[in-house]
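In what follows, a structure is listed as structure tokens, so that the remarks can point back to it.
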Amino acid sequence: MKYLTCLLVVLALGCEDTGVMSAPDAGTTSGRDSGPRPVPEALSYTPEGCAYEVSTPEVREARMSGDVTGSAPEPAFIHAGWAGPTDGTFAVNWRTDEATTVSQILYGVDEAAVRDADAPDEAAGVYAQIGHQVLFEALVGGPIRLHETHVCGLDPGTTYYYKVGGPGAWSAPYDVATAPPVGATTPFTFAVTGDSRNDSIVWAEIQSKLAARMPDFQLFSGDAVVLGANQPEWDGFFGESYMGTNVQEIFARIPMLPANGNHDALSVNYVLQFALPQDASSGELAQGEQWYSFDYANTHFVVLDDSADEALVAAQASWLEEDLSALDRAVTPWIVVMHHKAPYSCSNHGSQMDLREAWQPVYDLHAVDLVLNGHDHVYERSQPIRGFEPGTTEGRIVPEGDGTTYVVAGGAGAPLYGIGTDCAHTAHTESVNHYAIVEVADTTLTFTAYRIDETVLDTFTLTK
């Protein structure tokens with residue numbers, strides 16, 4: 001009943017507390033009782049060569065790679081990500097027809113060898129790994145077959161070529177790069193987007209334009225779709241085209257790390273279609289994919305879920321404190337945090353005071369450099385903030401370099417909102433479709449936001 005209630009209200013409000021649940025009628029093709037239903041399955045395993053475990057929700061079927069090739073086995077909606085260390089692993093998700101159970105990857109550093117191989121060939125430097133596949137009954141979209149593979153034991157700072165599928169039904173080869181070693185001062189860039197939601201065409205255009213700037217990976221602050229349980233919307237998110245370029249061609253090469261948004265609703269669709277770190281902490285849902293952190297070169301990234309209930313918001317504050325306390329700031333001097341709803345916003349939803357009160361003290365204690373949000377469909381950058389004005393929860397504006405900069409970047413396709421003009425914390429704001437590119441070069445971080453027409457919307461630089 002809880003999941004069906006979410007289905008009805010999420011168009012207007014999102015769903016704040018679904019956890020991850022299968023469709024009520026998993027195993028059937030309609031809501032009517034058509035006979036015995038299969039017992040939902042889950043899967044947990046450690047991919048070969050990896051130092052982490054992969055777990056799935058309970059769904060209609062969750063198995064390791066099989067040997068069945070269906071009528072449309074060609075991989076679709078291919079996208080790369082990370083579930084383990086960014087400097088030695090990568091993961092890939094894709095979709096096939098319902099019948100195909102083959103989930104394999106071929107990879108190596110020689111593009112031609114990978115392209116020409118139909119099986120692993122160590123003499124040619126082509127290696128294989130099997131993954132897993134799941135079949136689940138989407139509330140909207142019918143039975144969906146999804147696949148996931150993980151590759152570990154790779155060299156840092158190296159470009160690998162890969163293709164997924166199986167013999168006779170391989171994808172095209174794609175390239176993906178591992179990160180520099182943790183702590184390296186090698187310059188890198190990442191993209192920032194959020195709130196694609198209603199307009200997959202705008203989303204595809206933004207992806208095409210940001211990809212031309214060649215970021216190493218992309219952070220997405222949530223609300224990929226209007227209804228998290230609606231698989232056709234996810235198909236648009238992963239497979240829309242702009243000017244002849246399908247976003248799959250971008251996602252297959254540029255890893256994406258998302259935050260759960262209230263419209264994504266931590267749906268089974270969201271959880272199954274991203275490979276994310278799964279080091280579950282107390283109270284965490286989604287097999288540990290609800291919140292997570294990772295390192296890339298000399299920067300520590302944290303992704304939180306602010307669509308959780310009050311207890312889990314508090315649990316994340318404790319987890320965040322533990323996570324940041326464990327850092328060696330000589331190795332990872334930069335800290336970037338991302339979650340969906342903004343502690344500081346002057347637009348439609350406004351500042352989320354509960355998050356400000358729960359999480360800002362931890363940001364302040366550990367001198368977090370940058371907090372990235374969405375939810376309000378505008379661009380807004382705050383003044384540097386550190387602590388609160390005495391006796392209030394109003395952020396104390398401090399000199400540049402002495403505080404945290406909060407950025408709302410929610411203009412990737414959802415209907416734009418109006419901007420506010422009476423918030424003391426606001427340094428710059430505009431209602432426009434946009435994306436951002438962040439360059440980290442040792443002790444300098446440069447953030448540049450671009451309008452969809454490629455003009456510069458805003459830019460600022462942080463230094464250490």
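Would you be able to say whether some residue in region 121-133 is of a type in the set (Val, Ile, Thr) and either under 30 Å from residue 374 (Cα atoms) or assigned by TED's automatic domain parsing to the domain that holds residue 276 (or both)? No: zero hits. Return yes when residue 313 is under 16 Å from residue 410 (Cα atoms), among the β-branched types (Val, Ile, Thr) and modelled with pLDDT of 95 or more and no when it is not. Judged against the criteria, residue 313 is not a match. Could you list, in sequence order, the residues of region 69-84 that are within 17 Å of residue 106 (Cβ to Cβ) and more than 11 Å from the chain's Cα centre (by Cα)? 69, 73, 74, 75, 78, listed by residue number.
Looking at 216, 199, just one residue is at pLDDT below 95 and either outside the structural domain of residue 68 (by TED's automatic domain parsing) or buried (at least 18 other Cβ atoms within 10 Å of the Cβ) (or both), and that residue is 199.
Only one entry in 396, 451 is basic (Lys, Arg), over 30 Å from residue 237 (Cα atoms) and in the same structural domain as residue 347 (by TED's automatic domain parsing), namely 396. Listed by first and then second residue, the pairs linking a residue in region 398-416 that is closer than 21 Å to residue 463 by Cα to a residue that is assigned to a loop (DSSP other than H, G, I, E, B) and of a type in the set (Phe, Trp, Tyr), with Cβ atoms under 9 Å apart and 6 or more places separating them unless they lie on different chains, are 406/344; 408/344. From the list 191, 184, the one residue that fits, being crowded, with 17+ Cβ neighbours inside 10 Å, touching a strand residue (DSSP E or B) at 6+ places or on another chain (Cβ under 7 Å) and more than 19 Å from residue 232 (Cα to Cα), is 191.
Yes or no: region 221-231 includes at least one residue that is closer than 28 Å to residue 324 by Cα and of a type in the set (A, V, I, L, M, F, W, C). Scanning region 221-231 turns up at least one residue that is closer than 28 Å to residue 324 by Cα and of a type in the set (A, V, I, L, M, F, W, C). Candidates 327, 266: the one that is without any contact (Cβ under 8 Å) to a residue 60 or more places away in the chain, more than 28 Å from residue 429 (Cα to Cα) and in a loop (DSSP other than H, G, I, E, B) is 327. Would you be able to say whether some residue in region 229-245 is polar (S, T, N, Q), within 29 Å of residue 187 (Cβ to Cβ) and surrounded by fewer than 23 Cβ atoms within 10 Å (Cβ to Cβ)? For region 229-245, residues polar (S, T, N, Q), within 29 Å of residue 187 (Cβ to Cβ) and surrounded by fewer than 23 Cβ atoms within 10 Å (Cβ to Cβ): present. Against the criterion of being of a type in the set (A, V, I, L, M, F, W, C) and either more than 18 Å from residue 434 (Cβ to Cβ) or surrounded by fewer than 22 Cβ atoms within 10 Å (Cβ to Cβ) (or both), residue 177 qualifies. The criterion of at least 1 residues that are buried (at least 22 other Cβ atoms within 10 Å of the Cβ), touching a residue at least 40 places away in the same chain (Cβ under 8 Å) and β-branched (Val, Ile, Thr) is met by the following strands (runs of 3 or more DSSP E) wholly inside region 83-156: 90-96, 104-108, 132-138, 142-151. Would you check if there is a residue in region 258-280 being outside the structural domain of residue 157 (by TED's automatic domain parsing) and surrounded by fewer than 19 Cβ atoms within 10 Å (Cβ to Cβ)? Scanning region 258-280 turns up at least one residue that is outside the structural domain of residue 157 (by TED's automatic domain parsing) and surrounded by fewer than 19 Cβ atoms within 10 Å (Cβ to Cβ). Please verify whether residue 298 is farther than 27 Å from residue 138 by Cα, polar (S, T, N, Q), at pLDDT 95 or above and surrounded by 22 or more Cβ atoms within 10 Å (Cβ to Cβ), treating the condition exactly as stated. In short, yes.
If you go through region 170-202 and keep only what is more than 23 Å from residue 88 (Cα to Cα) and touching a helix residue (DSSP H, G or I) at 6+ places or on another chain (Cβ under 7 Å), you end up with 193, 196, 200. Taking the criterion of being assigned to a strand (DSSP E or B), touching a residue at least 12 places away in the same chain (Cβ under 8 Å) and either of a type outside the set (D, E, K, R) or in contact with a Leu (Cβ under 7 Å, 6 or more places away or on another chain) (or both), the residues of region 446-464 that qualify are 446, 447, 448, 449, 450, 451, 457, 459, 460, 461, 462, 463. Here residue 195 clears all of (1) under 30 Å from residue 101 (Cα atoms); (2) within 19 Å of the chain's Cα centre (by Cα); (3) assigned to a loop (DSSP other than H, G, I, E, B) except the condition numbered (1).
Whenever a residue of region 331-351 is farther than 24 Å from residue 293 by Cβ, its partners that are outside any loop (DSSP other than H, G, I, E, B) and of a type in the set (Ser, Thr, Tyr), lying with C-beta atoms within less than 9 angstrom and at least six residues away or across chains, give the pairs 346/426; 346/429; 347/429. Checked against the criterion of being over 23 Å from the mean Cα position of the chain (by Cα) and not assigned by TED's automatic domain parsing to the domain that holds residue 333, region 145-154 contains not a single residue that satisfies it.
Within region 348-361, none of the residues are within 28 Å of residue 181 (Cβ to Cβ), in the same structural domain as residue 301 (by TED's automatic domain parsing), buried (at least 22 other Cβ atoms within 10 Å of the Cβ) and not small (Gly, Ala, Ser).
The sole residue among 413, 395 that is surrounded by 20 or more Cβ atoms within 10 Å (Cβ to Cβ), on the phi > 0 side of the Ramachandran plot and modelled with pLDDT of 95 or more is 413.
The values are calculated or read from the model by the stated rules, or taken from the named source; none is laboratory data. Just so you know, these numbers come straight off a predicted model, no measurement behind them. Using ideal geometry, Cβ is built from the backbone for each residue, glycine included, and neighbour counts are taken over all protein chains shown.
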